[in-house]
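Working notes, beginning with the structure itself.
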Amino acid sequence: MAVVGGGVVGLTCALELARAGHRVRLHTADPWAATTSAVAAAIWFPYRAAPADAVLRWGATSLGVLTALAGDPASGVRMRPGTYLHRTPDPDPWWTPGIPGVRPATPEELPPGVPAGTRCTLPVVDTGDYLPWLSAACAAAGVTTVPGRVDALDGVPGDVVVVAAGLASGPLLGDGTGVPVQGQVVRLADPGIGEWLLDEDGPAGLTYVVPRGRDVVVGGTAVEGATGREPDPAVEAAILERACALVPALRGQPVLSRAVGLRPGRPTVRLERLDVGGRPVIACYGHGGAGVTLSWGCAAEVADEVAAAASALA
């Protein structure tokens with residue numbers, strides 16, 4: 001069978017299917033370092049993903065797997081405490097069920113001028129370590145990697161095909177509902193802050209600060225429809241100003257790198273089994289800013305769909 005897509009969702013699907021006993025070929029247009037997954041701050045958080053009930057189910061599975069992986073230094077996963085800021089009088093932290101230790105932030109734990117927040121400990125995934133770890137796990141499980149862009153599914157051999165190629169998935173399946181959601185980040189030297197911070201509703205824009213030990217991923221933006229992949233210096237300056245206002249320890253830290261990624265936006269995640277040219281095809285895309293967050297839960301459901309397809313073919 002085949003999996004199309006070499007980002008975090010495609011890699012995780014390939015690994016789960018190989019572990020289930022399937023012979024898997026992974027078709028990837030780019031090496032892992034060139035994927036949008038490599039740009040992500042990659043904290044467990046269901047950003048711009050729907051529907052809520054399925055996101056919570058998939059996210060819970062991924063939370064369990066990532067929490068377990070945090071015990072393996074090679075995986076790049078660490079459990080870190082942090083604060084989700086609230087700027088509305090009646091916030092709805094709908095994503096918190098199942099997360100241990102959730103509590104309101106105390107005034108001392110909040111930046112000046114921020115009225116409230118939610119404290120919890122979440123997995124933070126350093127994709128510079130995690131994606132190579134995931135690729136190596138795929139290889140060890142027997143996954144064969146086939147480099148090259150897939151332009152049409154009829155050129156992909158296999159009894160079953162999984163389409164998990166982010167923004168490239170919709171065109172392969174005739175689905176025009178996907179939209180790029182451009183995100184820009186800057187990576188700073190880590191001054192030892194130790195805790196993440198997320199501010200979705202800041203008056204000047206989205207801000208997140210995610211320390212990874214060797215650096216801090218600072219963002220960000222969420223520009224629907226933008227397709228550029230080159231960092232904008234003016235946007236970077238605005239991001240840094242917002243972040244430093246919330247976390248003053250970041251001010252003056254050297255810039256280590258910068259990047260832009262295109263999140264695979266869609267009204268809802270598409271995970272379903274289709275018949276395409278008489279062959280079962282499993283769609284798994286549209287994860288928005290939550291690819292890592294939903295990856296293991298979606299991969300488990302993809303494996304169930306593949307098993308059901310195999311039973312139907314038997």
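The values are calculated or read from the model by the stated rules, or taken from the named source; none is laboratory data. Note that the structure is a prediction, hence the values are computed from the model and not measured. With ideal geometry, Cβ positions are generated from the backbone for all residues, glycine too; neighbour counts draw on all protein chains shown. Accessible surface areas use protein heavy atoms only, side chains included; no ligands, DNA or RNA. Shrake-Rupley method; radii C 1.70, N 1.55, O 1.52, S 1.80 Å.
What to note about this one:
- Karplus-derived 3J(HN,Hα), 6.51/-1.76/1.60, for each residue of the range 201-214, Hz, glycine and proline x: 10, x, x, 9, x, 4, 9, 9, 10, 10, x, 10, x, 7
- Distance between the range 251-265 and the range 133-153 - C-alpha centres, whole angstrom: 27
- For ALA14, neighbours were defined as the other residues whose beta-carbon sits under 14 Å from its Cβ, and their charges (Lys and Arg +1, Asp and Glu -1) total +2.
- Seen through its C-alpha gyration tensor, with square-root eigenvalues sorted a ≥ b ≥ c, the range 120-211 comes out oblate because a/c lies at 1.5 or above while a/b is not bigger than b/c.
- When only Cα pairs below 8 angstrom with a gap of at least 6 residues are kept, the range 213-314 shows a relative contact order of 19 percent.
- Selection from VAL281, LEU69, THR221 lying farthest towards where the dipole of the chain points positive, charges on Cβ: LEU69
- Under the convention that each Lys and Arg Cβ holds +1 and each Asp and Glu Cβ holds -1, the size of the dipole of the range 143-202 around its Cα centre is about 300 debye.
- Magnitude of the charge dipole, the range 193-258, Cβ model with Lys/Arg +1 and Asp/Glu -1, debye to 20: 300
- Helix 291-313 and the longest principal axis of the Cα set of the chain meet at an angle near 20°.
- Exposure of GLU272 as accessible area (Å², to 10), given a probe of 1.4 Å and all protein chains: 70
- Over the chain, accessible surface divided per residue gives 41 Å², non-protein components excluded, 1.4 Å probe.
- Among GLY252, GLY117, GLY297, the largest mean-square fluctuation in a Gaussian network model of the chain, built with springs joining Cα atoms closer than 10 Å, belongs to GLY252.
- Per-residue HN-Hα couplings for the range 30-47 [Karplus 6.51, -1.76, 1.60; θ = phi - 60°; Hz; x = Gly/Pro]: 9, x, 4, 5, 9, 8, 4, 4, 6, 7, 4, 5, 6, 8, 5, 6, x, 7
- Cβ-placed point charges (K, R +1; D, E -1), dipole of the range 166-314 about Cα centre in debye, nearest 20: 320
- Apportionment of accessible area to carbon and sulfur, the chain, percent (1.4 Å): 55
- Other residues lying with their Cβ under 15 Å from the Cβ of PRO100 contribute a combined charge of +3, Lys and Arg counting +1, Asp and Glu -1.
- Couplings 3J(HN,Hα) for the range 184-190, derived from phi with the Karplus relation 6.51 cos²θ - 1.76 cosθ + 1.60 (θ = phi - 60°), are 10, 10, 10, 10, 10, 4, 7 Hz, where x marks Gly and Pro.
- When the chain is treated as a GNM with alpha-carbon contacts under 10 Å, the residue of ILE282, ILE43, ILE99 showing the greatest mean-square fluctuation is ILE99.
- Taking Cβ atoms as reference points and 9 Å as the exclusive limit, the residues near ALA303 contribute a net charge of -3, counting Lys and Arg as +1 and Asp and Glu as -1.
- When the Gaussian network model of the chain links Cα atoms closer than 10 Å, the mean-square fluctuations of VAL210, VAL156, VAL185 top out at VAL156.
- Using the rule -39500 (n - 2.57) for each DSSP H run of four or more residues, divided by the residues of the chain, the 222 nm mean residue ellipticity is -9000 deg cm²/dmol.
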